[in-house]
Amino acid sequence: MIHPSHEKTNGRTAQMTSADLIARDRAVVSPAIYRYTDIAFARGEGVFLYDFEGNRYYDMAAGIATMNVGHCHPRVVQAIADQAGRLIHAAAHVGYMAPYVEIVETLRSLMPPPLDVGKALLVNSGSEAVESALKLARAVTGRSMVLAFIDGFHGRPMGALAATGSSSGYRRHLGGLLAGVEHVPYPSCGRCAFGHGPRAPQDCCGQWKAFIQMTLDKLVHPDDLAAILVEPIAGEGGYIVPPDDFLPFLRQVCDRTGALLIVDEVQTGLGRTGRWFAFEHSGIAPDIVALGKAIGGGLPLGGIIARADLMDRWWPAAHGSTFGGNPIACRAGLETIAIMREEGLLENAVRVGARLRQGFEEARPYAPAIGEVRGRGLMVAVDLVDRQGQPLSTDLLKQVIKSLGKHGVVMTKCGPSALRFAPALILTERQADEVVTRVIEVVQGLAA
Ligand SMILES: Cc1ncc(COP(=O)(O)O)c(C=O)c1O
(Lines give C-alpha, C1' and ligand atoms only; values in the text may rest on other atoms or scores of the structure.)
Protein backbone atom coordinates (compact mmCIF):
# COMPACT_ATOMS: atom_id res chain seq x y z
CA MET A 1 0.00 0.00 0.00
CA ILE A 2 1.27 3.45 -0.83
CA HIS A 3 1.69 5.61 2.27
CA PRO A 4 -0.81 8.49 2.20
CA SER A 5 2.00 11.03 2.05
CA HIS A 6 3.21 9.51 -1.24
CA GLU A 7 1.41 9.52 -4.49
CA LYS A 8 2.07 8.35 -7.98
CA THR A 9 2.64 11.03 -10.55
CA ASN A 10 3.56 10.13 -14.14
CA GLY A 11 4.51 6.62 -13.13
CA ARG A 12 6.89 7.57 -10.31
CA THR A 13 6.14 7.80 -6.61
CA ALA A 14 6.70 11.32 -5.32
CA GLN A 15 6.77 12.58 -1.75
CA MET A 16 3.82 14.88 -1.26
CA THR A 17 4.47 18.09 0.65
CA SER A 18 1.96 20.43 2.23
CA ALA A 19 3.21 23.30 0.04
CA ASP A 20 2.73 21.27 -3.16
CA LEU A 21 -0.76 20.22 -2.22
CA ILE A 22 -1.80 23.75 -1.27
CA ALA A 23 -0.44 25.12 -4.56
CA ARG A 24 -2.28 22.45 -6.57
CA ASP A 25 -5.47 23.07 -4.59
CA ARG A 26 -5.30 26.82 -5.21
CA ALA A 27 -4.98 26.18 -8.95
CA VAL A 28 -8.11 24.06 -9.24
CA VAL A 29 -10.43 24.62 -6.27
CA SER A 30 -12.87 27.53 -6.08
CA PRO A 31 -11.77 30.43 -3.90
CA ALA A 32 -15.36 30.48 -2.58
CA ILE A 33 -14.15 27.98 0.00
CA TYR A 34 -12.52 30.04 2.76
CA ARG A 35 -9.70 28.27 4.64
CA TYR A 36 -9.10 29.15 8.27
CA THR A 37 -5.59 27.71 8.19
CA ASP A 38 -2.79 27.19 5.68
CA ILE A 39 -2.32 23.58 6.77
CA ALA A 40 -2.71 20.47 4.61
CA PHE A 41 -3.99 17.48 6.56
CA ALA A 42 -2.30 14.18 5.83
CA ARG A 43 -3.95 12.20 8.60
CA GLY A 44 -5.82 12.42 11.90
CA GLU A 45 -5.74 10.45 15.12
CA GLY A 46 -7.82 11.17 18.21
CA VAL A 47 -7.78 14.91 18.93
CA PHE A 48 -4.81 15.49 16.62
CA LEU A 49 -4.30 16.28 12.96
CA TYR A 50 -0.93 15.85 11.18
CA ASP A 51 0.38 17.59 8.10
CA PHE A 52 2.53 16.02 5.37
CA GLU A 53 5.71 16.97 7.21
CA GLY A 54 4.53 15.11 10.33
CA ASN A 55 3.74 18.22 12.38
CA ARG A 56 1.01 17.62 14.96
CA TYR A 57 -1.91 19.96 15.63
CA TYR A 58 -4.54 20.04 18.36
CA ASP A 59 -7.78 19.94 16.40
CA MET A 60 -10.27 22.29 18.04
CA ALA A 61 -12.45 22.28 14.92
CA ALA A 62 -13.03 18.50 14.72
CA GLY A 63 -14.29 18.76 11.15
CA ILE A 64 -16.57 21.61 12.34
CA ALA A 65 -18.06 20.03 15.47
CA THR A 66 -18.33 16.63 13.85
CA MET A 67 -15.67 14.10 14.89
CA ASN A 68 -17.12 13.40 18.36
CA VAL A 69 -15.02 10.28 19.08
CA GLY A 70 -11.90 11.74 17.50
CA HIS A 71 -10.20 11.08 14.17
CA CYS A 72 -9.98 7.53 12.88
CA HIS A 73 -11.27 5.79 15.98
CA PRO A 74 -10.32 2.15 15.28
CA ARG A 75 -13.88 0.94 15.91
CA VAL A 76 -15.36 3.47 13.48
CA VAL A 77 -12.71 2.58 10.89
CA GLN A 78 -13.59 -1.10 11.31
CA ALA A 79 -17.34 -0.46 11.09
CA ILE A 80 -16.81 1.47 7.85
CA ALA A 81 -14.64 -1.31 6.40
CA ASP A 82 -17.10 -4.05 7.41
CA GLN A 83 -20.06 -2.25 5.88
CA ALA A 84 -18.09 -1.38 2.73
CA GLY A 85 -17.44 -5.08 2.26
CA ARG A 86 -21.15 -5.86 2.55
CA LEU A 87 -23.15 -3.07 0.89
CA ILE A 88 -21.90 0.39 -0.12
CA HIS A 89 -25.04 1.86 -1.62
CA ALA A 90 -28.43 0.73 -2.83
CA ALA A 91 -30.71 3.79 -2.18
CA ALA A 92 -33.59 3.94 0.26
CA HIS A 93 -36.01 4.59 -2.60
CA VAL A 94 -35.22 1.21 -4.07
CA GLY A 95 -35.55 -0.97 -0.97
CA TYR A 96 -34.82 -1.46 2.71
CA MET A 97 -31.46 -1.35 4.51
CA ALA A 98 -30.64 -2.43 8.07
CA PRO A 99 -28.18 0.40 8.96
CA TYR A 100 -30.84 2.98 8.00
CA VAL A 101 -33.45 1.42 10.28
CA GLU A 102 -30.98 0.84 13.10
CA ILE A 103 -29.68 4.39 13.26
CA VAL A 104 -33.22 5.79 13.24
CA GLU A 105 -34.20 3.40 16.06
CA THR A 106 -31.10 4.42 18.00
CA LEU A 107 -31.44 8.17 17.47
CA ARG A 108 -35.08 8.28 18.48
CA SER A 109 -34.35 6.15 21.55
CA LEU A 110 -32.10 9.01 22.72
CA MET A 111 -34.99 11.50 22.55
CA PRO A 112 -37.74 12.35 25.05
CA PRO A 113 -41.46 11.79 24.28
CA PRO A 114 -43.11 12.17 21.82
CA LEU A 115 -39.99 11.94 19.63
CA ASP A 116 -38.91 8.63 21.20
CA VAL A 117 -41.65 7.11 19.08
CA GLY A 118 -41.17 9.57 16.23
CA LYS A 119 -40.32 8.78 12.63
CA ALA A 120 -37.31 9.85 10.61
CA LEU A 121 -36.02 10.50 7.13
CA LEU A 122 -32.30 10.57 6.34
CA VAL A 123 -30.45 12.87 3.98
CA ASN A 124 -26.80 13.83 3.41
CA SER A 125 -26.10 17.02 5.35
CA GLY A 126 -27.29 19.50 7.92
CA SER A 127 -28.59 21.94 5.32
CA GLU A 128 -30.60 19.21 3.64
CA ALA A 129 -31.99 18.24 7.05
CA VAL A 130 -33.12 21.83 7.63
CA GLU A 131 -34.71 22.04 4.20
CA SER A 132 -36.42 18.69 4.81
CA ALA A 133 -37.82 20.03 8.09
CA LEU A 134 -39.14 23.15 6.37
CA LYS A 135 -40.75 21.06 3.62
CA LEU A 136 -42.41 18.76 6.15
CA ALA A 137 -43.70 21.70 8.18
CA ARG A 138 -45.19 23.40 5.15
CA ALA A 139 -46.60 20.18 3.76
CA VAL A 140 -48.44 19.08 6.89
CA THR A 141 -49.64 22.48 8.10
CA GLY A 142 -50.57 23.79 4.66
CA ARG A 143 -49.05 27.09 5.86
CA SER A 144 -46.19 28.99 4.28
CA MET A 145 -44.48 31.28 6.78
CA VAL A 146 -41.44 30.54 8.95
CA LEU A 147 -39.93 32.50 11.84
CA ALA A 148 -36.15 32.23 12.06
CA PHE A 149 -33.51 34.17 13.99
CA ILE A 150 -30.91 36.83 13.38
CA ASP A 151 -27.66 35.11 14.51
CA GLY A 152 -29.07 31.72 13.48
CA PHE A 153 -27.21 29.52 11.00
CA HIS A 154 -28.91 26.74 9.08
CA GLY A 155 -26.72 26.21 6.01
CA ARG A 156 -25.83 27.73 2.66
CA PRO A 157 -28.01 26.14 -0.06
CA MET A 158 -30.76 28.51 -1.19
CA GLY A 159 -33.53 27.14 1.08
CA ALA A 160 -31.50 26.81 4.29
CA LEU A 161 -29.77 30.09 3.49
CA ALA A 162 -33.13 31.88 3.50
CA ALA A 163 -33.34 30.98 7.21
CA THR A 164 -29.69 31.74 8.00
CA GLY A 165 -29.26 35.11 9.68
CA SER A 166 -25.72 35.10 11.05
CA SER A 167 -24.00 37.19 8.35
CA SER A 168 -25.17 39.15 5.34
CA GLY A 169 -21.97 37.92 3.66
CA TYR A 170 -23.63 34.54 3.06
CA ARG A 171 -26.48 36.24 1.17
CA ARG A 172 -24.43 38.73 -0.84
CA HIS A 173 -25.77 39.09 -4.40
CA LEU A 174 -28.31 36.33 -3.75
CA GLY A 175 -31.66 38.04 -3.90
CA GLY A 176 -34.78 35.91 -4.29
CA LEU A 177 -34.11 33.18 -1.73
CA LEU A 178 -36.92 30.97 -0.44
CA ALA A 179 -39.85 33.30 0.28
CA GLY A 180 -41.78 33.41 3.54
CA VAL A 181 -39.01 33.53 6.16
CA GLU A 182 -39.13 36.38 8.70
CA HIS A 183 -36.22 36.94 11.08
CA VAL A 184 -36.40 38.08 14.71
CA PRO A 185 -33.45 38.71 17.06
CA TYR A 186 -31.91 35.73 18.90
CA PRO A 187 -31.66 36.54 22.61
CA SER A 188 -27.98 37.34 22.71
CA CYS A 189 -27.38 38.90 26.12
CA GLY A 190 -23.68 39.56 25.44
CA ARG A 191 -24.66 41.86 22.56
CA CYS A 192 -28.30 42.67 23.15
CA ALA A 193 -30.16 43.65 19.97
CA PHE A 194 -32.28 45.97 22.14
CA GLY A 195 -29.30 47.92 23.49
CA HIS A 196 -29.17 46.48 26.98
CA GLY A 197 -25.39 46.11 27.32
CA PRO A 198 -23.68 42.81 28.11
CA ARG A 199 -25.55 40.74 30.71
CA ALA A 200 -25.74 37.15 31.84
CA PRO A 201 -28.62 35.23 30.18
CA GLN A 202 -30.42 34.95 33.53
CA ASP A 203 -30.64 38.77 33.61
CA CYS A 204 -31.98 38.99 30.03
CA CYS A 205 -34.23 41.97 29.28
CA GLY A 206 -36.73 39.62 27.62
CA GLN A 207 -37.61 42.10 24.88
CA TRP A 208 -37.19 39.41 22.23
CA LYS A 209 -40.55 38.06 23.42
CA ALA A 210 -42.31 41.34 22.66
CA PHE A 211 -40.54 41.44 19.29
CA ILE A 212 -41.87 37.99 18.38
CA GLN A 213 -45.36 39.01 19.45
CA MET A 214 -45.09 42.22 17.41
CA THR A 215 -43.98 40.21 14.38
CA LEU A 216 -47.05 37.99 14.75
CA ASP A 217 -49.29 41.05 15.18
CA LYS A 218 -47.93 43.10 12.29
CA LEU A 219 -46.12 40.89 9.77
CA VAL A 220 -46.94 37.19 9.96
CA HIS A 221 -50.52 36.22 10.70
CA PRO A 222 -50.48 33.30 13.19
CA ASP A 223 -52.77 31.33 10.86
CA ASP A 224 -50.00 31.43 8.24
CA LEU A 225 -47.17 30.40 10.51
CA ALA A 226 -45.94 26.91 9.56
CA ALA A 227 -42.92 26.76 11.86
CA ILE A 228 -40.42 28.42 14.11
CA LEU A 229 -36.89 27.28 13.21
CA VAL A 230 -34.28 27.72 15.91
CA GLU A 231 -30.89 26.58 17.17
CA PRO A 232 -30.92 25.75 20.91
CA ILE A 233 -27.53 27.47 21.12
CA ALA A 234 -26.67 29.79 18.23
CA GLY A 235 -23.59 28.05 16.79
CA GLU A 236 -22.05 29.88 13.86
CA GLY A 237 -23.64 33.05 15.29
CA GLY A 238 -21.24 32.95 18.25
CA TYR A 239 -22.05 30.03 20.61
CA ILE A 240 -24.74 32.18 22.17
CA VAL A 241 -26.47 30.42 25.05
CA PRO A 242 -29.99 31.88 25.30
CA PRO A 243 -31.94 32.45 28.54
CA ASP A 244 -33.63 29.36 30.02
CA ASP A 245 -37.12 30.50 29.05
CA PHE A 246 -36.27 30.86 25.34
CA LEU A 247 -37.29 27.44 24.01
CA PRO A 248 -40.24 27.11 26.45
CA PHE A 249 -41.53 30.47 25.17
CA LEU A 250 -41.22 29.35 21.53
CA ARG A 251 -42.98 26.11 22.44
CA GLN A 252 -45.88 28.14 23.85
CA VAL A 253 -46.08 30.32 20.73
CA CYS A 254 -46.22 27.20 18.57
CA ASP A 255 -48.87 25.57 20.75
CA ARG A 256 -50.96 28.75 20.62
CA THR A 257 -50.68 29.28 16.87
CA GLY A 258 -50.62 25.68 15.63
CA ALA A 259 -47.13 26.17 14.17
CA LEU A 260 -44.43 23.50 14.48
CA LEU A 261 -41.26 23.95 16.50
CA ILE A 262 -38.21 22.88 14.49
CA VAL A 263 -35.02 22.66 16.54
CA ASP A 264 -31.81 22.61 14.52
CA GLU A 265 -29.47 20.28 16.43
CA VAL A 266 -27.03 19.92 13.55
CA GLN A 267 -24.17 21.43 15.57
CA THR A 268 -25.40 21.05 19.16
CA GLY A 269 -26.64 17.48 18.73
CA LEU A 270 -25.20 14.16 19.76
CA GLY A 271 -23.74 15.00 23.13
CA ARG A 272 -21.69 18.10 22.51
CA THR A 273 -23.45 20.11 25.23
CA GLY A 274 -23.55 17.26 27.76
CA ARG A 275 -27.00 16.00 26.73
CA TRP A 276 -27.64 14.00 23.59
CA PHE A 277 -29.59 17.01 22.27
CA ALA A 278 -29.28 20.57 23.53
CA PHE A 279 -33.06 21.15 23.63
CA GLU A 280 -33.13 18.67 26.53
CA HIS A 281 -31.62 21.36 28.78
CA SER A 282 -34.86 23.34 28.43
CA GLY A 283 -37.32 20.57 29.31
CA ILE A 284 -39.43 20.99 26.15
CA ALA A 285 -39.76 18.74 23.12
CA PRO A 286 -39.74 20.07 19.56
CA ASP A 287 -42.05 18.77 16.81
CA ILE A 288 -39.19 18.26 14.36
CA VAL A 289 -35.45 17.92 15.04
CA ALA A 290 -32.87 18.53 12.30
CA LEU A 291 -29.67 16.48 12.61
CA GLY A 292 -26.33 16.38 10.82
CA LYS A 293 -22.58 16.58 11.46
CA ALA A 294 -21.70 14.03 14.22
CA ILE A 295 -24.49 11.55 13.45
CA GLY A 296 -22.52 10.19 10.47
CA GLY A 297 -19.34 9.59 12.49
CA GLY A 298 -17.41 11.71 9.96
CA LEU A 299 -19.30 10.61 6.84
CA PRO A 300 -22.03 12.73 5.22
CA LEU A 301 -25.34 12.07 6.95
CA GLY A 302 -28.23 14.28 7.99
CA GLY A 303 -31.80 13.66 8.93
CA ILE A 304 -35.00 14.76 10.57
CA ILE A 305 -36.90 13.09 13.37
CA ALA A 306 -40.48 14.28 13.79
CA ARG A 307 -43.61 13.41 15.70
CA ALA A 308 -44.98 10.23 14.13
CA ASP A 309 -48.40 11.81 13.45
CA LEU A 310 -46.71 14.52 11.37
CA MET A 311 -44.58 12.08 9.39
CA ASP A 312 -47.61 9.87 8.79
CA ARG A 313 -49.27 12.79 7.00
CA TRP A 314 -46.34 13.17 4.55
CA TRP A 315 -47.29 11.31 1.43
CA PRO A 316 -45.12 8.76 -0.44
CA ALA A 317 -42.48 10.32 -2.73
CA ALA A 318 -42.91 13.72 -1.06
CA HIS A 319 -39.21 13.78 -0.25
CA GLY A 320 -35.96 11.81 -0.42
CA SER A 321 -32.52 11.66 -1.97
CA THR A 322 -30.25 9.19 -3.77
CA PHE A 323 -27.62 8.87 -1.06
CA GLY A 324 -29.64 9.85 2.04
CA GLY A 325 -29.11 7.25 4.77
CA ASN A 326 -26.14 5.67 3.02
CA PRO A 327 -25.35 2.39 4.82
CA ILE A 328 -21.67 3.16 5.47
CA ALA A 329 -22.50 6.58 6.95
CA CYS A 330 -25.22 4.98 9.13
CA ARG A 331 -22.80 2.30 10.40
CA ALA A 332 -20.15 4.93 11.21
CA GLY A 333 -22.80 6.89 13.11
CA LEU A 334 -24.06 3.86 15.01
CA GLU A 335 -20.53 2.92 16.08
CA THR A 336 -19.90 6.52 17.14
CA ILE A 337 -22.99 6.51 19.35
CA ALA A 338 -21.98 3.16 20.91
CA ILE A 339 -18.50 4.48 21.71
CA MET A 340 -19.91 7.70 23.17
CA ARG A 341 -22.14 5.67 25.50
CA GLU A 342 -19.44 3.23 26.56
CA GLU A 343 -16.79 5.90 27.12
CA GLY A 344 -19.07 8.34 28.96
CA LEU A 345 -18.36 11.14 26.48
CA LEU A 346 -21.36 13.28 27.45
CA GLU A 347 -20.00 13.54 30.99
CA ASN A 348 -16.54 14.20 29.56
CA ALA A 349 -17.91 17.03 27.42
CA VAL A 350 -19.35 18.70 30.53
CA ARG A 351 -16.17 18.24 32.61
CA VAL A 352 -13.61 19.21 29.98
CA GLY A 353 -15.75 22.01 28.60
CA ALA A 354 -15.91 23.54 32.09
CA ARG A 355 -12.14 23.17 32.41
CA LEU A 356 -11.58 24.92 29.08
CA ARG A 357 -13.84 27.83 30.06
CA GLN A 358 -12.25 28.06 33.50
CA GLY A 359 -8.77 28.14 31.92
CA PHE A 360 -9.66 31.17 29.82
CA GLU A 361 -11.55 32.90 32.64
CA GLU A 362 -8.53 32.53 34.92
CA ALA A 363 -6.21 33.89 32.24
CA ARG A 364 -8.21 37.08 31.79
CA PRO A 365 -6.43 39.16 34.49
CA TYR A 366 -3.07 38.77 32.74
CA ALA A 367 -4.36 38.28 29.16
CA PRO A 368 -6.51 41.36 28.52
CA ALA A 369 -7.26 40.25 24.94
CA ILE A 370 -9.57 37.57 26.37
CA GLY A 371 -13.14 38.87 26.42
CA GLU A 372 -16.35 37.02 27.21
CA VAL A 373 -16.03 33.25 27.59
CA ARG A 374 -19.25 31.32 27.00
CA GLY A 375 -20.77 28.06 25.85
CA ARG A 376 -22.04 24.77 27.14
CA GLY A 377 -20.16 21.47 27.30
CA LEU A 378 -17.57 21.28 24.55
CA MET A 379 -19.06 24.19 22.64
CA VAL A 380 -16.85 26.99 23.91
CA ALA A 381 -16.46 30.51 22.51
CA VAL A 382 -13.79 32.97 23.61
CA ASP A 383 -14.31 36.54 22.44
CA LEU A 384 -11.12 38.46 21.69
CA VAL A 385 -10.97 42.18 22.40
CA ASP A 386 -8.56 44.96 21.42
CA ARG A 387 -6.65 47.31 23.76
CA GLN A 388 -9.76 49.45 24.18
CA GLY A 389 -11.77 46.40 25.21
CA GLN A 390 -13.72 46.51 21.93
CA PRO A 391 -14.43 43.28 19.99
CA LEU A 392 -11.51 42.37 17.73
CA SER A 393 -12.30 42.92 14.05
CA THR A 394 -13.16 39.77 12.14
CA ASP A 395 -10.11 40.30 9.89
CA LEU A 396 -7.77 40.39 12.89
CA LEU A 397 -9.50 37.38 14.41
CA LYS A 398 -8.84 35.43 11.23
CA GLN A 399 -5.16 36.40 11.44
CA VAL A 400 -5.06 35.16 15.03
CA ILE A 401 -6.54 31.82 13.89
CA LYS A 402 -3.91 31.51 11.12
CA SER A 403 -1.24 32.23 13.70
CA LEU A 404 -2.67 29.60 16.05
CA GLY A 405 -2.32 27.11 13.21
CA LYS A 406 1.39 27.87 13.08
CA HIS A 407 1.53 27.15 16.82
CA GLY A 408 -0.12 23.77 16.61
CA VAL A 409 -3.79 24.59 17.24
CA VAL A 410 -6.37 24.27 14.47
CA MET A 411 -9.67 26.06 14.94
CA THR A 412 -12.38 28.21 13.40
CA LYS A 413 -14.29 31.24 14.59
CA CYS A 414 -17.89 31.86 15.57
CA GLY A 415 -19.74 35.16 15.66
CA PRO A 416 -17.76 38.21 14.55
CA SER A 417 -15.03 38.07 17.19
CA ALA A 418 -14.85 34.69 18.95
CA LEU A 419 -12.49 31.74 18.79
CA ARG A 420 -14.58 28.57 18.47
CA PHE A 421 -13.62 25.45 20.40
CA ALA A 422 -15.57 22.40 19.20
CA PRO A 423 -13.10 19.55 19.69
CA ALA A 424 -13.70 15.81 19.80
CA LEU A 425 -15.54 14.89 23.00
CA ILE A 426 -12.61 12.66 24.00
CA LEU A 427 -10.44 15.70 24.83
CA THR A 428 -8.83 15.28 28.26
CA GLU A 429 -8.43 17.96 30.92
CA ARG A 430 -4.66 17.88 30.48
CA GLN A 431 -5.05 18.44 26.73
CA ALA A 432 -7.54 21.25 27.40
CA ASP A 433 -4.98 22.93 29.68
CA GLU A 434 -2.31 22.68 27.01
CA VAL A 435 -4.62 24.21 24.41
CA VAL A 436 -5.42 27.10 26.77
CA THR A 437 -1.70 27.69 27.33
CA ARG A 438 -0.92 27.72 23.60
CA VAL A 439 -3.83 29.99 22.75
CA ILE A 440 -2.94 32.47 25.50
CA GLU A 441 0.71 32.52 24.34
CA VAL A 442 -0.31 33.34 20.77
CA VAL A 443 -2.92 35.91 21.74
CA GLN A 444 -0.54 37.60 24.20
CA GLY A 445 2.27 37.55 21.64
CA LEU A 446 0.09 39.26 19.07
CA ALA A 447 -1.20 41.81 21.58
CA ALA A 448 2.41 42.69 22.51
C1 LIG B 1 -26.82 24.65 13.21
C2 LIG B 1 -26.45 24.26 11.81
N3 LIG B 1 -27.41 23.94 10.93
C4 LIG B 1 -27.12 23.58 9.67
C5 LIG B 1 -25.83 23.53 9.23
C6 LIG B 1 -25.52 23.12 7.82
O7 LIG B 1 -24.95 21.85 7.82
P8 LIG B 1 -24.12 21.32 6.55
O9 LIG B 1 -22.92 22.19 6.42
O10 LIG B 1 -23.82 19.90 6.88
O11 LIG B 1 -25.03 21.44 5.38
C12 LIG B 1 -24.78 23.85 10.10
C13 LIG B 1 -23.39 23.83 9.65
O14 LIG B 1 -22.49 24.33 10.25
C15 LIG B 1 -25.10 24.22 11.43
O16 LIG B 1 -24.14 24.56 12.31
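Counting only heavy atoms of the protein chains, get the accessible area per residue of the chain (1.4 Å probe) and round it to a whole Å² value.
About 44 Å² of surface per residue is accessible.
Ignoring ligands, DNA and RNA, how do S18, S393 rank by accessible area with a 1.4 Å probe, largest first?
S393, S18
For the stretch 78-342, give the magnitude of the charge dipole about the Cα centre (Cβ charges: +1 Lys/Arg, -1 Asp/Glu; no others), in debye to the nearest 20.
400 debye
Compute the FRET efficiency between S144 and L396 as 1/(1 + (r/R0)^6), taking r as their Cβ-Cβ distance and R0 = 51 Å, and round to the nearest 0.05.
My answer for the efficiency is 0.75.
Counting other C-beta atoms within 10 Å, and keeping those with at most 12, which DSSP coil trypsin sites (Lys or Arg not before Pro) do you find in the stretch 143-234?
For trypsin sites (Lys or Arg not before Pro) across the stretch 143-234 that sit outside H, G, I, E and B with at most 12 neighbouring Cβ atoms in 10 Å, the list reads R172.
With unit charges on the beta carbon (Lys/Arg positive, Asp/Glu negative), name the residue among G235, C189, A447 whose Cα is farthest towards the positive pole of the charge dipole of the chain.
Positive-end residue among those listed: A447.
Relative contact order (percent) for the stretch 294-448, with alpha-carbon contacts under 8 angstrom and 6 or more residues of separation?
Normalised by residue count, the contact order of the stretch 294-448 is 21 percent.
Please report the relative contact order for the stretch 78-342, taking Cα pairs under 8 Å with a sequence separation of at least 6, and give it as a percent rounded to a whole number.
30 percent
Taking a label point 7 Å from the Cα of D82 along the Cα→Cβ vector, which residues of the stretch 98-120 have an amide N closer than 15 Å to it?
Residues passing the 15 Å test: 98-100, 102-103.
Compute the relative contact order of the chain as a whole-number percentage, counting only Cα pairs closer than 8 Å that sit 6 or more residues apart in sequence.
21 percent.
Leaving ligands, DNA and RNA out of it, work out the accessible area of R256 with a 1.4 Å probe and give it in Å² to the nearest 10.
140 Å²
For the stretch 225-343, give me the percentage of DSSP beta bridges that are antiparallel, rounded to the nearest 5 percent.
The answer is about 40 percent antiparallel.
What are the residues whose amide H is under 5 Å from the amide H of L178, where those residues sit 5 or more places off or on another chain and H is modelled from the backbone?
Sorted by chain and number, the residues that satisfy this are A162.
Could you pull out every residue, at least 5 positions away or on a different chain, whose amide H is within less than 5 Å of the one on V123? Hs are placed 1.01 Å off N in the peptide plane, and Pro or chain starts have none.
Residues meeting the criterion, in which the H sits 1.01 Å from N, are G302, G303, I304, G325.
Who wins for biggest fluctuation among A259, A332, A19 in a Gaussian network model of the chain, springs between alpha carbons below 10 Å?
A19
If r is the Cβ-Cβ distance from S403 to R24 and R0 is 30 Å, what FRET efficiency results, to the nearest 0.05?
0.75
What is the spin-label model distance, in nm, from A200 to A32 if the labels are put 7 Å beyond Cα along the C-beta direction?
Label-label distance for A200 and A32, simple model: 4.5 nm.
Which one of A98, A259, L21 has its Cα pushed farthest toward the positive end of the charge dipole of the chain, where Lys and Arg give +1 and Asp and Glu give -1 at the Cβ?
Checking the options against the dipole of the chain, the answer is L21.
Quick one: grab the alpha carbon gyration tensor of the stretch 188-299, order the square roots of its eigenvalues as a ≥ b ≥ c, and give me rounded if a/c is under 1.5, else prolate or oblate depending on whether a/b is larger than b/c.
Oblate is the answer for the stretch 188-299, as a/c is 1.5 or above yet b/c matches or exceeds a/b.
So for the pair D255, V117, with labels modelled 7 Å out along Cα→Cβ, what separation do we get in nm?
2.0 nm
Name the residues whose placed amide hydrogens come within less than 5 Å of the amide hydrogen of I150, ignoring near sequence neighbours (fewer than 5 apart) on the same chain.
Sorted by chain and number, the residues that satisfy this are V184, Y186.
Calculate, for V385 and E182, the FRET efficiency according to 1/(1 + (r/R0)^6) with r their C-beta to C-beta distance and R0 51 Å; round to the nearest 0.05.
0.95
Using a simple charge model, +1 on the beta-carbon of Lys and Arg, -1 on the beta-carbon of Asp and Glu, nothing else, what dipole does the chain show about its Cα centre, in debye to the nearest 20?
Taking the Cα centre of the chain as origin, the dipole is about 680 debye.
Keeping the other protein chains in place, figure out the carbon and sulfur percent of the accessible area of the chain, with a 1.4 Å probe.
54 percent
Can you run phi through the Karplus equation (6.51, -1.76, 1.60; θ = phi - 60°) for the stretch 34-50 and list ³J(HN,Hα) in whole Hz, with x for Gly and Pro?
After applying 6.51 cos²θ - 1.76 cosθ + 1.60, I find 7, 10, 6, 10, 10, 10, 9, 8, 8, 6, x, 8, x, 8, 10, 10, 10 Hz.
If you count the DSSP beta bridges with both ends in the chain, what percent of them are antiparallel, to the nearest 5?
The answer is about 65 percent antiparallel.
Please list S168, S109 from largest to smallest accessible area, probe radius 1.4 Å, with all protein chains kept in place.
S168, S109
I need the peptides 72-85, 120-133 ranked by packing, meaning the mean over residues of other C-beta atoms within 10 angstrom, with the highest value on top.
Averaged packing, sorted descending, gives the order 120-133, 72-85.
Each label point is 7 Å from the Cα along the Cα-to-Cβ direction; what then is the distance between the points at R156 and Y96, in nm?
3.9 nm
Using θ = phi - 60° and the Karplus relation 6.51 cos²θ - 1.76 cosθ + 1.60, list the HN-Hα couplings for the stretch 91-106 in order, rounded to whole Hz, with x at every Gly or Pro.
With the stated coefficients, the stretch 91-106 comes to 5, 4, 6, 8, x, 10, 9, 4, x, 4, 5, 5, 6, 5, 4, 5 Hz.
With θ set to phi - 60° and the Karplus curve 6.51 cos²θ - 1.76 cosθ + 1.60, what are the ³J(HN,Hα) couplings of the stretch 116-123 in order, to the nearest whole Hz, using x for Gly and Pro?
5, 10, x, 10, 10, 9, 9, 10
Rounded, prolate or oblate: which one fits the chain, using the alpha carbon gyration tensor with axes a ≥ b ≥ c (rounded when a/c is under 1.5, else prolate when a/b beats b/c, else oblate)?
Taking the square roots of the gyration eigenvalues as a ≥ b ≥ c, the chain is oblate.
I'd like the accessible area for R376, computed on protein heavy atoms only with a 1.4 Å probe and all protein chains in place. Round to 10 Å², please.
80 Å²
The values are calculated or read from the model by the stated rules, or taken from the named source; none is laboratory data. Remember, predicted model here, so these are calculated numbers, not experimental data. We place every Cβ from the backbone using ideal geometry, glycine too, and count neighbours over all the protein chains shown. The area values use the complete protein model at the heavy-atom level, side chains included, leaving out ligands, DNA and RNA. Shrake-Rupley method; radii C 1.70, N 1.55, O 1.52, S 1.80 Å.
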